[in-house]
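Read through the structure below, which is laid out as structure tokens, and then see the notes.
Throughout, read-outs are computed from the coordinates displayed, never taken from laboratory work. Since the structure is predicted, the reported quantities are computational estimates derived from the model, not experimental observations. Ideal geometry is used to build each Cβ from the backbone, glycine not excepted, and the neighbour counts take in all protein chains shown.
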Amino acid sequence: MSLAMSDQKKEPGIVLTEEQKRRRRARSIAIALSLGVLVLLVYVVTIVKLGPGVLIRPL
């Protein structure tokens, strides 16, 4: 005899406070901005190392 998922009592799990939610969001935004800056830095360094001649090429 097996119980269906809907028959089982659901536990609320971890419930975050509003302060914890705000801090998590701020952390997520900071990580996203850091990742964006890293990607931009790698792009700029690559273009600088390749030189301006990479843009002048036959299509």
- Looking at segment 35-56, which of its residues are surrounded by fewer than 10 Cβ atoms within 10 Å (Cβ to Cβ) and small (G, A, S)? G51, G53
- Note on the structure: In segment 7-53, residues that are assigned to a helix (DSSP H, G or I) and among the polar types (S, T, N, Q) total 4
